[in-house]
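Chemist: Take a look at this one; I'll ask things after.
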Amino acid sequence: MKVFTAAMLSMFLIALWLGSAFAVPPGRTLEFTGSPMGKVTFDGAKHAAAGLKCTDCHTAIFHMKKGAEKITAPHVSGKFCFACHNGTRAFDFKTNCTRCHKK
């Protein structure tokens, strides 16, 4: 019984670690629509390739619940995506709107 419990606990911890290893699992994207500038697509593979994990942004910058934050214009430096996309850590959101927004 102890071996079974230890094995189940190990499998749970491995699944938990794998689930948090990527910002959004490779092959999956999130699309944010509703902007007159065009939709914004978040690509988890690009962020994971940069060495990021879900916990790097969730819950310090974003809540885990989809749709909990409303990112509106004007964008605010240091908040949401712009905490990193500031020209220092990642590309500066102020330099090219179409880098994120696609019509």
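No lab work stands behind these numbers, since they all come straight from the coordinates. Model, not experiment: these values are computed from the prediction.
Chemist: May I ask you to compute the full-extension gain from residue 60 to residue 102, defined as 0.36 nm times their residue separation minus their alpha-carbon distance, rounded to one decimal in nm? Don't jump to the answer; show the numbers that get you there.
Modeler: Working: separation 42, 0.36 × 42 = 15.12 nm, distance 2.72 nm.
Full extension from residue 60 to residue 102 adds 12.4 nm.
Chemist: Going down the list 53/94; 70/102; 53/79; 65/103; 66/103; 46/102, which pairs span over 20 Å between their C-alpha atoms? Intermediate values should be presented prior to the final figure.
Modeler: On the way: 53/94 25 Å; 70/102 18 Å; 53/79 18 Å; 65/103 26 Å; 66/103 22 Å; 46/102 17 Å.
Distance filter (> 20 Å) returns 53/94; 65/103; 66/103.
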